[in-house]
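To start, the structure under review is shown below, and the notes come after it.
No value in this document is a laboratory result; all are computed from the given coordinates. Nothing here was measured: the structure is a model prediction, and the numbers come from that model. Because the Cβ atoms are built from the backbone with ideal geometry, glycine has one as well, and the counts that use them run over all protein chains shown.
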Amino acid sequence: MNTPNPRPVRVAVQLQPQHAEYSEIRRACAQAEELGADAVFNWDHFFPLFGDPNGKHFECWTMLAAWAEATERVQIGALVTCNSYRNPQLLADMARTVDHISDGRLILGIGSGWFQRDYDDYGYEFGTAGERLDALARDLPLTKSRWAKLNPPPTRHIPVLIGGGGERKTLRIVAEHADIWHGFGDADQIAHKHRVLDEWCTKVGRDPLEIERSAAVSAKDPAASAEGLYAVGTRLFTVGLAGPTYDLGPLRDLVAWRDQTDRS
């Protein structure tokens with residue numbers, strides 16, 4: 001980013017809901033809150049992304065509702081919801097409900113979708129990447145407009161996180177609709193995406209500092225990975241952890257890095 005980023009540093013963990021019993025996922029979620037994570041994410045798929053392709057796997061939004069009851073402080077959300085799998089106005093109602101269950105701790109993470117097996121096995125039309133991005137741009141305003149019609153409404157403005165780095169469509173959608181952008185890559189790659197996003201913000205009339213910058217960090221050395229990303233403007237750092245037992249050591253290291261006095 002070309003301008004200073006005044007946002008505080010936050011850290012999160014993505015508990016990949018694959019190859020594990022739900023009891024282990026719930027335990028890891030509660031432990032992540034105890035360790036000081038700011039947010040806990042899952043993901044929105046129907047089958048494992050790696051390991052045994054037919055291994056254990058659980059559904060995203062049912063789990064988020066359970067996490068809302070199982071935690072007290074951390075924000076929760078999907079990294080990310082697939083826009084293709086649910087009617088956008090139904091998704092608004094689901095998100096509003098989890099927002100109330102969690103007492104205002106939901107992040108609506110969303111993306112255009114990419115994992116073809118999910119589509120094929122569950123009967124969704126896969127189409128092209130461009131078509132799925134066009135659908136995301138079409139559906140986000142419908143989700144937001146439904147929030148304004150619900151009774152009761154959400155407890156507060158539900159932050160929208162959009163994941164993906166496409167420079168022609170995705171980052172434009174981020175500039176138009178997101179409160180948080182989540183990307184993948186090293187510091188140089190993320191810095192480039194920040195510049196492109198800033199340009200889109202200028203084109204659509206948005207202050208770039210309204211959008212929190214988020215990125216994935218390496219589980220092998222999360223603090224070193226986060227340090228480079230911090231230097232280019234990232235302020236929300238997420239480490240992904242796999243089942244079946246969820247070693248939270250990388251999250252512990254990331255929390256310690258966040259809590260250094262020069263990180264505040």
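Assuming 0.36 nm per residue, please report the length gained on full extension of the stretch Glu34 to Asp103 beyond their Cα-Cα distance.
My answer for the length gained is 23.0 nm.
Loop by DSSP (not H, G, I, E, B), at most 13 other beta-carbon atoms within 10 Å: where is the longest site-free stretch of the chain for trypsin sites (Lys or Arg not before Pro)?
74-148
Would you please give the residues with an amide H less than 5 Å from that of Leu248, counting only those at least 5 places away or on a separate chain, with H modeled from the backbone geometry?
Hits under the 5 Å cutoff: none.
Does the stretch 178-231 classify as rounded, prolate or oblate by the C-alpha gyration tensor (a ≥ b ≥ c root eigenvalues; a/c under 1.5 gives rounded; else a/b over b/c gives prolate, otherwise oblate)?
prolate
Assuming a ≥ b ≥ c are the square roots of the Cα gyration tensor eigenvalues, decide whether the stretch 40-144 counts as rounded (a/c under 1.5), prolate (otherwise, with a/b larger than b/c) or oblate.
oblate
Among the DSSP beta bridges whose two residues both lie in the chain, what percent are antiparallel, rounded to the nearest 5?
Counting only bridges with both partners in the chain, antiparallel ones make up about 5 percent.
Return the loop-located GluC sites (Glu not before Pro) in the stretch 39-135 (DSSP other than H, G, I, E, B) with at most 12 other Cβ atoms within 10 Å of their own Cβ; answer none if there are none.
In loop regions of the stretch 39-135 (DSSP not H, G, I, E or B), the sparsely surrounded GluC sites (Glu not before Pro) are Glu72, Glu125.
At Leu90 and Ala224, where each label point lies 7 Å from the Cα along Cα→Cβ, what is the point-to-point distance in nanometres?
Modelled inter-label distance: 4.6 nm.
Hey, can you grab everything whose amide H is under 5 Å from the amide H of Gly183? Only 5+ residues off in sequence or another chain; H modelled, so Pro and N-termini drop out.
Ser214, Ala215, Ala216
Out of residues 5 or more away from Ile76 or on other chains, whose amide H comes under 5 Å of its own, with H placed 1.01 Å from N in the peptide plane?
Those qualifying (amide H under 5 Å, at least 5 residues apart or on another chain) are Val40, Leu106, Ile107.
Give the distance, in whole Å, between the Cα centre of the stretch 46-97 and the Cα centre of the stretch 211-264.
22 Å
Tell me which of Ala66, Val11, Ala175 sits at the most positive position along the dipole axis of the stretch 10-263, charges placed on C-beta atoms (Lys, Arg +1; Asp, Glu -1).
Ranked along the dipole, the leading option is Ala175.
Using 7 Å Cα-to-Cβ label points, what is the Lys144/Gln189 separation (nm, one decimal)?
With each label point 7 Å from Cα toward Cβ, the separation is 2.9 nm.
Rounded, prolate or oblate: which fits the stretch 56-101, taking a ≥ b ≥ c as square roots of the Cα gyration tensor eigenvalues, rounded meaning a/c under 1.5, else prolate when a/b beats b/c?
Cα axes put the stretch 56-101 in the oblate bin.
Once you have the Cα-Cα distance between Phe46 and Thr245, take 0.36 nm times their residue separation minus that, and quote the gain in nm to one decimal.
Full-extension gain reported as 69.7 nm.
Evaluate the relative contact order of the chain (contact order divided by residue number), counting alpha-carbon pairs under 8 angstrom at least 6 apart; express in whole percent.
Once divided by the residue count of the chain, the mean separation gives 24 percent.
Put a dot 7 Å past each Cα toward the Cβ at Glu59 and Tyr122; how far apart are the dots in nm?
About 0.9 nm separates the two model spin labels.
What size of dipole, in debye to the nearest 20, comes out for the chain about its Cα centre when the only charges are +1 on Lys and Arg C-beta atoms and -1 on Asp and Glu C-beta atoms?
640 debye
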